[in-house]
Amino acid sequence: MDRNFFSKAVAFYNRFVNLLVIITIPIIIFTFVIAIGIILYDLRLFTAHIAEGVLKIEYEEGFKLLIRNILNLFVLIEMFRVFLDVIEHHRIRKRQILEAGIVFVVREIILILFEHKSDYLTMIGYAVILLSLGITYILMEKTYLEFKRFYTPFSSEKREQYKSTYRKLKIKRAED
């Protein structure tokens, strides 16, 4: 294959991705505006019923809906962070995907407990998923910190100390 063909293919791909980003950003912003509008509408309905001093079963359902919509907004924010990272760095960071997964699982656990629909097998399943996501996140952070510590540049003092030690060892080997 011709090298020129590959460069044209990559340029076409980059233009296509940029076009998708241009189309997707207004959709995401519109989604945020709608989500916040829904939350404010649910909050207005719930506070209106509290102001009347009457709490009925349907108002409790309205409160559950309000909580569900707020938790959905948190998941949406995490997914938007992942999308922004893709736009900015042209890659998907595993750590942010894990954070979004953890937020989603916690959202599901809160909704199940809040609605009193908890089944022990379901809760065990969510606990296993949350534990595995948490362990993976911790291990990724640990390896990242070790990577940063190992590959950070030395200070000038440390560099000179290592050079002098190396010279001493070199002289010592030459004498032997």
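The values are calculated or read from the model by the stated rules, or taken from the named source; none is laboratory data. Bear in mind the structure is a predicted one, so any value in this text is a computation, not a measurement. Here the Cβ is made from the backbone with ideal geometry for all residues, glycine too, and neighbour counts use every protein chain on show.
For I67, the conditions (1) modelled with pLDDT under 90; (2) in a helix (DSSP H, G or I); (3) over 30 Å from T47 (Cβ atoms) all hold with the exception of (3). Restricting region 111-130 to residues that are modelled with pLDDT of 85 or more and surrounded by 14 or more Cβ atoms within 10 Å (Cβ to Cβ), the residue that is farthest from V21 (Cα to Cα) is I112. If you go through region 83-96 and pick out every residue that is surrounded by fewer than 16 Cβ atoms within 10 Å (Cβ to Cβ) and within 22 Å of L131 (Cβ to Cβ), you end up with 3.
Residue-wise test of (1) modelled with pLDDT under 85; (2) hydrophobic (A, V, I, L, M, F, W, C); (3) not assigned by TED's automatic domain parsing to the domain that holds L139.
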{"residue": "F16", "(1), (2), (3)": "no, yes, yes"}
{"residue": "I22", "(1), (2), (3)": "yes, yes, yes"}
{"residue": "L43", "(1), (2), (3)": "yes, yes, yes"}
{"residue": "E61", "(1), (2), (3)": "yes, no, yes"}
{"residue": "V75", "(1), (2), (3)": "no, yes, yes"}
{"residue": "R91", "(1), (2), (3)": "yes, no, yes"}
{"residue": "E99", "(1), (2), (3)": "no, no, yes"}
{"residue": "I102", "(1), (2), (3)": "no, yes, yes"}
{"residue": "V106", "(1), (2), (3)": "no, yes, yes"}
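Does I36 fit the bill of being modelled with pLDDT of 85 or more, outside the structural domain of A127 (by TED's automatic domain parsing) and loosely packed, with under 12 Cβ neighbours inside 10 Å? Answer is no for this residue.
Looking across region 21-33, the residues that are without any contact (Cβ under 8 Å) to a residue 24 or more places away in the chain and either surrounded by fewer than 11 Cβ atoms within 10 Å (Cβ to Cβ) or among the polar types (S, T, N, Q) (or both) come down to I22, I23, P26, I27, F30, V33.
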